[in-house]
Amino acid sequence: MRRPLPRPSSERPRVPGNLPAELTRFIGRDGELAALAGHLESARLVALTGVGGVGKSRLATHAAKLLQDRFCDGVWLAELAPLRHGHLLDHAVAEALGLADHTGRPPRAALRDHLAGRDLLLVLDGYEHLVDDCADLAADLLRRAPGLRVLAAGRRPLGLPGEQNLPLPPMDGPDAAGLFHDRAAAVVPGFTTDAASEAAVAELCRRLDGIPLALELAAGRLRALSVEQLLHRLDDRFRLLTGGYPGARTSSPALMGTAAYRHQTLRTAIGWSHELCTPAERLLWARLSVFAGQFDLDAAEYVCSGPDLPADELVDVLGELVAQSVVVREETPAGVRHRMLDTVREYGAGWLDAAGDAERLRRRHRDWYVGLATWCELDWFSPRQAEVAARIECELPNLRVALEYSLDSAGDAHLGQYLAGTLWFYWVGCGRLSEGRHWLDRSLELEGDHDDARLKALWVVGYVAVLQGDTVGATIALRECREGAERTDNATAAAYALHRTGCLALVRDDMPRAERLLREALGRYREIGELNSNVLMGQVELAMAVAFQGDLAQAVRLCEDVRQVCDDHGERWALAYALYVLGYAAWSGGEPARARALLSECLAIDHTFQDLLGAVLAIEMLALITLDEGDAAEAALLQGTAGRIWPSVGLPLFGSRHFNQPHRLCEERAREALGGERYGHCVREGARLDLDAAVARILGGDAASRPDGPVPGPRSGTGPEPPPETDEPAASPSANGGETAG
């Protein structure tokens, strides 16, 4: 028996998903929307298929938005058209789901675990160039996650058992005319038609076979042409390119309505729109095809300008392409950006290849994004950290293309190594360890003739490996970096290798060695004049090493110094870790109120940067502080929340007895206060909260603001109701995320 669509649950917080806002009004398609809802009611995998430009993406996202209340864990869209290669598919879907996984496991394993217990709709859009990889992914996830449903929008089905296919036809006459009128009014405010021009609209819609993209391109021409002129010029274009068969009087009945016919109709409409462009507009159209996903004006000016298209004129040409619906303008967290629909981009790419200019433009594209990464690395150590994070998030599809180009181009391996290493702040600071490890490992498989680039990639992969709990991989990479730095007299790489080796000793509980190595690394940083977020993190890590050895006063001095430098430079990411140590010291010194304030600020920063490690460390300490404040039930709940997060970070508390001490103390004392049964129930309640809900609960202040209501503690004589007698035994950190030493 097929499972019906899940109903919203009142027992857990809603996850809203990531569906984008609709920029234009959705027109018609009532029958198709009802059919799609019916398919999703009866099947776990539905393919919405059709020719390019027929409106698959728009219908899929609109239908998903209408159905989002039916899925407890939300509706999530993975836009796959910007991907050029299947090896990034799992990373892209994890990114779309907001899954930050810091472990060294493959992203597919993280996806399986993340989706296993969720009721969720995943929309895979624009997968036709990755159909085999997508079919493998969808089959795997659907087998492992019984509450998952997949809506795949592409030009062909995935071909899996149990898949229901809904072919999307072009719009019928009334819907097509309604779409044309709506888009025409956006181009020509107050657009109206009389009886004659209305007949021309109907004929235009029929000639364009009701294909939405073709209709939008035609409407974009109304600034210069009347509907009748549009129809006349389009009729000429059809006769010229197709020998007359798409025309109403000479069309072949055998061809009408077929996918090949509709594809030819769209290609003809795009080609006609292309012909109506000025030479500068056609040139920019072709050159913009090198971008994957969104791009901004600065990138377009650098990559696409030249003697035949001056940079100071490009903004006007781009504006014309936007007005003609060739390019779409979008508002994003990183500012105004633009993109091309995939079908339009493919057409431009064909012209770029025909002109023999594709290789030069791809190289310019790569060079721009290498420069952008370099600038962002420098700007990370500034008040603009959050802006840098948002910018790189938007640029990730283009950065992937730049990395791919560098690693596949003969003689350019060093640029791939440099780019993968330069993005350390994104891999580490924004929760992208898994994808960062992928690119770093791949870049280091290649031999380059630029030692500096390779050494940077080595210390960065060592850093990533430490955070992933891969001590063997970290040791190998950092040893090679250290030996290479000594051989080439690279003082900077030597300092970073030493620093990260000290960090490895820290998480392995060798505090004397960690202190010695970190002090030496900081000394070398001073000698070469290095000051950035990494250097500040080294000082925080030194503070941790001395604090765990009992010298809290020195740890406070080190972190107060970091705090001052962060305030001077507007740095926030390293500041969060300094606040963690200061909060630990305040708790140890009997100042719970000060400790809570420091750790709450720490948690807020870590959550902003999607830094799971910093966030879960802060939650562990806040649980202990909550216990000291008298709320054992809430403390146990926070431990349950931390237990849910740790598997995405790695070995809980690094398996370290020093990092584990707050957790162990909290668990022992909370169990004693609540009893084993109530403690276990509270931990299970906490394990139901995701990070967003946990952060809102902690930072929300009063209990009434908590997402699932107040959880009274021992002070009121109550707490979470004990579980039924049939409940599982009380959860422990090891049950939620692996072994915990100590």
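The values are calculated or read from the model by the stated rules, or taken from the named source; none is laboratory data. Small disclaimer: the values here were computed from a predicted structure and weren't measured. We place every Cβ from the backbone using ideal geometry, glycine too, and count neighbours over all the protein chains shown. These area figures cover heavy atoms from the full protein model, side chains too; ligands, DNA and RNA do not enter into them. Shrake-Rupley method; radii C 1.70, N 1.55, O 1.52, S 1.80 Å.
So is Leu122 open to solvent by 10 Å² or more (accessible area, probe 1.4 Å), at pLDDT 90 or above and farther than 25 Å from Val428 by Cβ or not?
In short, no.
Please find, within segment 303-323, the residue that is nearest to Cys277 (Cα to Cα) out of those that are touching a residue at least 40 places away in the same chain (Cβ under 8 Å) and either in contact with a Gly (Cβ under 8 Å, 6 or more places away or on another chain) or acidic (Asp, Glu) (or both).
Glu320
Kindly indicate the residue of segment 441-485 that is among the small types (Gly, Ala, Ser) and crowded, with 21+ Cβ neighbours inside 10 Å and also farthest from Thr103 (Cα to Cα) among those meeting that condition.
It comes out as Ala485.
Looking at (1) part of a loop (DSSP other than H, G, I, E, B); (2) open to solvent by less than 10 Å² (accessible area, probe 1.4 Å); (3) of a type in the set (A, V, I, L, M), which is the one condition that is false for Ala543?
(1)
Which number in (1) open to solvent by less than 20 Å² (accessible area, probe 1.4 Å); (2) closer than 28 Å to Val51 by Cβ marks the one condition that Leu372 misses?
Status for Leu372: all satisfied but (2).
When the residues of segment 272-303 are narrowed to those that are among the hydroxyl-bearing types (Ser, Thr, Tyr) and open to solvent by less than 10 Å² (accessible area, probe 1.4 Å), which ends up nearest to Ala81 (Cα to Cα)?
Checked segment 272-303; the qualifying residue nearest to Ala81 (Cα to Cα) is Ser289.
Can you run down the residue pairs with Cβ atoms below 7 Å, 6 or more apart or on separate chains, where the first is in segment 381-402 and closer than 26 Å to Val535 by Cα and the partner is polar (S, T, N, Q) and buried (at least 21 other Cβ atoms within 10 Å of the Cβ)?
Cβ pairs passing all conditions: Phe381/Ser533.
Quick check on my filter: what residues within segment 175-226 are in contact with a Leu (Cβ under 9 Å, 6 or more places away or on another chain) and either among the β-branched types (Val, Ile, Thr) or more than 20 Å from Leu266 (Cβ to Cβ) (or both)?
Selection gives Val187, Val188, Phe191, Ala200, Val201, Ile211, Ala224.
With open to solvent by 30 Å² or more (accessible area, probe 1.4 Å), among the aliphatic types (A, V, I, L, M) and more than 30 Å from the chain's Cα centre (by Cα) as the only criterion, which of Leu624, Leu582, Leu665 stands out?
After ruling out the rest, the residue left standing is Leu665.
Out of the residues in segment 666-691 meeting the condition of being of a type in the set (Asp, Glu), out of contact with any Pro (no Cβ under 6 Å at 6 or more places or on another chain) and touching a residue at least 40 places away in the same chain (Cβ under 8 Å), tell me which one is nearest to Ile645 (Cα to Cα).
The qualifying residue nearest to Ile645 (Cα to Cα) is Asp690.
Quick one: Ala64 ticks every box in (1) surrounded by fewer than 18 Cβ atoms within 10 Å (Cβ to Cβ); (2) closer than 30 Å to Pro174 by Cβ bar one, so which box is it?
Unmet for Ala64, out of (1) surrounded by fewer than 18 Cβ atoms within 10 Å (Cβ to Cβ); (2) closer than 30 Å to Pro174 by Cβ: (1).
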